[in-house]
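Notes to accompany the following structure.
The values are calculated or read from the model by the stated rules, or taken from the named source; none is laboratory data. Small disclaimer: the values here were computed from a predicted structure and weren't measured. So basically every Cβ, Gly included, is an ideal-geometry build from the backbone, and we count neighbours across all protein chains shown.
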Amino acid sequence: MKPKYERIYDYLESLIIEEKIKAGEKIPSEKEVADMFETTRVTVRKALSKLEHEGLITKLKGVGSFVTSSDPLSRKKIGVIVQNNDIVRGIIKNTSKYGIKTYALDYSFNVKEEEKLIIDLLEKEIDGLILQPTTSSLTNGILRSLIKESFPIVFVDRPLPNHYEIPLIWSDNEEGGRIMAQHAKELKIKNPIFITHGDFQIQSVKSRYIGFCEEYGKQIQNIDSEEINTHDLLKKIKEEKIDFIFFCNDTTAIKIHNTLIYNGINIPHQIKVAGFDDIETAIMLYPELTTVKQNFEQIGENAVSTIIKILKNEKTQKEIKIPVQIKKRKSTSI
């Protein structure tokens, strides 16, 4: 349990953040707070000194303490562990509006390194955390402890299974799958497949597949590119007359797109290919890659807005889906 002076600090800080006591108004007296928490005025003064150090109040001898900051959020610090640079850009773009200090650390797929990153952020006394979780985050003991303690956390890009109480900001991945299936039906595709890259258990990837299958009207093959070699993939395409490949992301699409071209497969005449993400190199291919565009900056901006609501004890949405759009290019059109 926190020391009593810190609980007093948290209580008074929340009154200021929620604007129950506005800038220029007097906070409760030392005696009132001491009676409320059944403690001494010395303990209360320790909490007030911390509030003054943070710039939230001004103490006037013989008069009392007054709220001095009209924007207490500017004293907050947010930790960021996110892989996608565009999401980070959206986060910083929004935190800068409020003067919130942002600590963005390197992203890691290793649970031990992720734990260390969170510890480093906590040592900086962050008030909230924006995290892009991985499958290994499930075993992150530090993260689980923070969740248990109701520490302000927002997930971006993907959820963490069994932790649905944490607000999630991500793209509407199912809708992305659906609009790609609509495009496939427009092209009169007869035998599409879905190719992942060892990441089908990631909910965002699975949602793209589900959305495609639901709109297309049947469950299509899901193939892990890490479990099939080039020879077997080319053989499958030829023998099963596969005419459309929907890749889980653009990076995987680009890698296999080039392999198909190198092995004499004509895109889009023999087979059509499409990805997901709309990364910069998608339009540098020949032919240019059809894909689903995500608005990563908007994900970052919404993550900040959500964590601010948590800090202000306001009601938050448990899930915000950011709209996506298809970018039709030459890899699917003749």
Could you list, in sequence order, all residues of segment 142-182 that are touching a helix residue (DSSP H, G or I) at 6+ places or on another chain (Cβ under 7 Å) and either part of a helix (DSSP H, G or I) or without any contact (Cβ under 8 Å) to a residue 12 or more places away in the chain (or both)?
ILE142, LEU143, ASN173, GLU174, GLU175, GLY176, GLY177, ARG178, MET180, ALA181, GLN182
Got at least one residue in segment 264-280 being surrounded by fewer than 15 Cβ atoms within 10 Å (Cβ to Cβ), closer than 28 Å to ILE320 by Cα and without any contact (Cβ under 8 Å) to a residue 60 or more places away in the chain?
yes
In segment 121-141, the residues that are among the hydroxyl-bearing types (Ser, Thr, Tyr) and part of a loop (DSSP other than H, G, I, E, B)
THR134
In segment 200-211, is there at least one residue being in contact with a strand residue (DSSP E or B) (Cβ under 6 Å, 6 or more places away or on another chain), of a type in the set (D, E, K, R) and modelled with pLDDT of 95 or more?
no
Test LYS188 against the criterion of being closer than 24 Å to PRO287 by Cβ and without any contact (Cβ under 8 Å) to a residue 24 or more places away in the chain, and give yes or no.
yes
Only unsatisfied item for LEU51, checking (1) surrounded by 18 or more Cβ atoms within 10 Å (Cβ to Cβ); (2) not assigned by TED's automatic domain parsing to the domain that holds LEU131; (3) not small (Gly, Ala, Ser); (4) not in a helix (DSSP H, G or I), is (4)
Tell me the residue from ILE57, ILE78 that is in contact with a strand residue (DSSP E or B) (Cβ under 9 Å, 6 or more places away or on another chain) and either modelled with pLDDT under 90 or more than 30 Å from LEU105 (Cα to Cα) (or both), please.
ILE57
Need at least 2 residues that are more than 20 Å from TYR286 (Cβ to Cβ) per element, so show me which strands (runs of 3 or more DSSP E) inside segment 207-275 make the cut, counting only ones lying wholly within it.
221-224
